[in-house]
Amino acid sequence: MQKMMILKESISNILEEMFFLVEETPTPEEEWIFDFCTHIEADDFLIKILISKNLAQEITVNFLGLADEPETEDITDCLQEILNMVTGNFVGLAYPDHKKLLPFPACKPCSNKSVKNDGFEEEFLFYHEQAIKILFKNK
Amino acid sequence: MPYNILVVDDSRSLRRVMIKTIRMCHIGDVTYLQAGNGVEALEVLSHEWIDMIFTDINMPEMDGYTLVEEIRKNPVFEKTPIVVITSETRRRDMNNILEGKVEAILTKPFRPEDIRDYLIKLLAIEEQENAEDDDFEGVDF
């Protein structure tokens with residue numbers, strides 16, 4: 001559980017510092033819709049981050065300074081970069097003896113049912129009344 | 001004075017943000033060259049003069065460590081300023097490997113002011129040509 005808290009904090013910090021999103025208080029639980037999943041599998045852990053299309057678009061527009069709606073490729077690239085930064089920060093804190101370079105994150109459009117979460121710890125962050133779902137598994 | 005600046009990162013988004021950040025520094029006439037990994041960067045360096053390089057470390061095909069080694073082997077680029085920008089936070093390991101080979105290591109998220117400061121210092125640009133701090137107010141990358 002402690003590693004999940006470090007991960008959650010890393011995501012919150014990166015989203016605030018680089019993507020101008022300030023975490024909000026949790027909103028009542030509901031059936032959140034997720035449209036993109038970015039994930040990484042390292043030797044010691046797996047991380048998946050699920051996010052709605054609206055929030056993913058907003059993050060991408062903020063990051064790239066776009067005037068128009070971003071292309072799907074821009075969104076997936078941006079979400080991968082978020083997870084890359086998050087993982088770098090997270091590993092520095094949670095696995096200080098980790099020596100190897102980290103693997104590369106992947107990102108793809110998804111639906112709620114298409115993402116397997118067996119055995120994962122689950123947490124949420126909230127932005128603009130939308131949820132980001134964090135899945136973490138220690139190997 | 002015109003400058004050629006090479007940005008090396010496997011993330012297209014990060015390359016775009018880096019170029020946007022350098023543009024905001026108003027250092028004059030800059031040609032931006034991009035590469036998605038070390039192999040592509042060496043290809044660019046084989047036919048272009050480069051004044052300064054910003055590179056990531058963790059990239060496919062050829063990582064930033066190998067790229068820096070290869071660049072420093074080439075007498076043409078042995079003095080070219082290199083700034084590493086990485087999400088890897090294990091600074092001690094990185095410092096040991098890169099010591100004496102690069103001018104700076106920045107950890108993501110970085111501040112645009114840091115990029116500007118290194119541009120000014122490493123390209124020996126006159127201070128008055130540059131952007132004011134206000135240009136970056138509230139901006140972190």
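The values are calculated or read from the model by the stated rules, or taken from the named source; none is laboratory data. Being a predicted model, the structure only gives us computed values, none of them experimental. Neighbour counts are summed over all protein chains in view; Cβ atoms, including those assigned to glycine, are modelled from backbone coordinates with ideal geometry. When the accessible area is computed, the model is the full protein with side chains, heavy atoms only, and any ligands, DNA or RNA have been set aside. Shrake-Rupley method; radii C 1.70, N 1.55, O 1.52, S 1.80 Å.
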_Which count do you get for residues in the range B:34-56 that are closer than 25 Å to residue A:76 by Cβ, under 11 Å from the mean Cα position of the chain (by Cα) and open to solvent by less than 30 Å² (accessible area, probe 1.4 Å)?_
3
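Among the residues that make up the range A:107-124, is at least one of them within 22 Å of residue A:20 (Cα to Cα) and of a type in the set (Val, Ile, Thr)? Even if it seems obvious, please write down each step before you answer.
Looking only at the range A:107-124, we keep the residues that are within 22 Å of residue A:20 (Cα to Cα), and these are A:107, A:123-124.
So of that shortlist, the ones also of a type in the set (Val, Ile, Thr) come out as none.
No, that holds for no residue.
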_Subset of the range B:1-14 (residues that are open to solvent by 10 Å² or more (accessible area, probe 1.4 Å) and at pLDDT 95 or above)_ = B:4
*Got at least one residue in the range A:107-123 being open to solvent by less than 40 Å² (accessible area, probe 1.4 Å), within 12 Å of chain B (Cβ to nearest Cβ) and touching an Asp or Glu at 6+ places or on another chain (Cβ under 9 Å)?*
yes
_Residue in the range A:122-139 that is touching a residue at least 24 places away in the same chain (Cβ under 8 Å), assigned to a helix (DSSP H, G or I) and over 14 Å from the mean Cα position of the chain (by Cα) present_ = no
*Has the range A:26-34 got at least one residue that is modelled with pLDDT of 90 or more, in contact with a strand residue (DSSP E or B) (Cβ under 8 Å, 6 or more places away or on another chain) and under 21 Å from residue B:87 (Cβ atoms)?*
no
*Of all the residues that make up the range B:36-50, how many are more than 12 Å from residue B:63 (Cα to Cα) and outside any loop (DSSP other than H, G, I, E, B)?*
3
*Residues within the range B:108-135 that are assigned to a helix (DSSP H, G or I), at pLDDT 75 or above and farther than 19 Å from residue B:17 by Cβ, tallied*: 3
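Of the residues that make up the range A:44-53, is at least one open to solvent by less than 60 Å² (accessible area, probe 1.4 Å), among the polar types (S, T, N, Q) and in contact with a Pro (Cβ under 9 Å, 6 or more places away or on another chain)? Lay out the reasoning, then the answer.
Kept after step one, since they are open to solvent by less than 60 Å² (accessible area, probe 1.4 Å), are these residues of the range A:44-53: A:44-52.
In the following step, the residues that additionally are among the polar types (S, T, N, Q) were identified as A:52.
Within this subset, residues satisfying the condition of being in contact with a Pro (Cβ under 9 Å, 6 or more places away or on another chain) are none.
Taking every residue of the range A:44-53 in turn, none turns out to be open to solvent by less than 60 Å² (accessible area, probe 1.4 Å), among the polar types (S, T, N, Q) and in contact with a Pro (Cβ under 9 Å, 6 or more places away or on another chain).
Out of the range A:22-49, which residues are within 13 Å of chain B (Cβ to nearest Cβ) and more than 13 Å from the chain's Cα centre (by Cα)? Please lay out each step first, then the result.
Step one: filter the range A:22-49 for residues within 13 Å of chain B (Cβ to nearest Cβ), giving A:22, A:38, A:40, A:42.
A:22, A:42, listed by residue number.
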*In the set B:57, B:53, B:105, which member is in contact with a strand residue (DSSP E or B) (Cβ under 6 Å, 6 or more places away or on another chain) and in a loop (DSSP other than H, G, I, E, B)?*
B:57
_Tally of residues being more than 14 Å from every other protein chain (Cβ to nearest Cβ), of a type in the set (Ser, Thr, Tyr) and under 23 Å from residue A:98 (Cα atoms) across the range B:75-111_ = 0
*Mind listing whichever residues of the range A:80-106 are touching a Cys at 6+ places or on another chain (Cβ under 8 Å) and either more than 9 Å from chain B (Cβ to nearest Cβ) or open to solvent by 60 Å² or more (accessible area, probe 1.4 Å) (or both)?*
A:83
*asked:* As an exercise: evaluate residue A:41 against (1) open to solvent by 60 Å² or more (accessible area, probe 1.4 Å); (2) over 28 Å from residue A:101 (Cβ atoms); (3) touching a residue at least 60 places away in the same chain (Cβ under 8 Å) and give the number of the one condition it does not meet.
replied: (2)
